[in-house]
1. Can E15 be described as out of contact with any Leu (no Cβ under 6 Å at 6 or more places or on another chain), modelled with pLDDT of 95 or more, open to solvent by less than 80 Å² (accessible area, probe 1.4 Å) and part of a helix (DSSP H, G or I)?
2. Restricting the first residue to segment 1-30 and requiring it to be within 22 Å of T47 (Cβ to Cβ), which pairs with a second residue that is among the acidic types (D, E) and not in a helix (DSSP H, G or I) meet a Cβ separation below 9 Å and a spacing of at least six or different chains?
3. Looking at E20, E10, can you tell me which residue is modelled with pLDDT under 95 and either outside any strand (DSSP E or B) or not aliphatic (A, V, I, L, M) (or both)?
4. Hey, does segment 40-49 have a residue that's assigned to a helix (DSSP H, G or I), on the phi > 0 side of the Ramachandran plot and either open to solvent by 60 Å² or more (accessible area, probe 1.4 Å) or in contact with a Pro (Cβ under 7 Å, 6 or more places away or on another chain) (or both)?
Amino acid sequence: MNPVMRAAAERLLQEQQQQEHDARLLMQLRNALLALNVRAELRDNGTALSVRLL
């Protein structure tokens, strides 16, 4: 693999790992909100959190 392709592959892997990390954080936040009886749900394949306030 040439250096340009290697750098591109590494960048893609870093982006994927960051997205997975962000999704885990959103799930933890959702779970904490649910424990407080706040309605929250993950949206957009785990990339956003919807919170309903009354």
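The values are calculated or read from the model by the stated rules, or taken from the named source; none is laboratory data. Because the structure is a prediction, the values reported are computed rather than measured. When we count neighbours, we look across all protein chains shown, and the Cβ atoms used for this are built from the backbone with ideal geometry, even at glycine. Ligands, DNA and RNA are stripped out before the accessible areas are found, and what is left, the full protein with its side chains, is counted by its heavy atoms. Shrake-Rupley method; radii C 1.70, N 1.55, O 1.52, S 1.80 Å.
1. On the way: out of contact with any Leu (no Cβ under 6 Å at 6 or more places or on another chain): yes; modelled with pLDDT of 95 or more: yes; open to solvent by less than 80 Å² (accessible area, probe 1.4 Å): yes; part of a helix (DSSP H, G or I): yes.
Spelling it out, E15 is indeed out of contact with any Leu (no Cβ under 6 Å at 6 or more places or on another chain), modelled with pLDDT of 95 or more, open to solvent by less than 80 Å² (accessible area, probe 1.4 Å) and part of a helix (DSSP H, G or I).
2. R30/E41
3. Values: E10 fails: modelled with pLDDT under 95.
Unique residue meeting the criteria: E20.
4. To start, the set of residues in segment 40-49 that are assigned to a helix (DSSP H, G or I) comprises 44-46.
If we keep only those that are on the phi > 0 side of the Ramachandran plot too, we end up with 44-46.
If we keep only those that are either open to solvent by 60 Å² or more (accessible area, probe 1.4 Å) or in contact with a Pro (Cβ under 7 Å, 6 or more places away or on another chain) (or both) as well, we get 44-45.
Yes, that holds for at least one residue.
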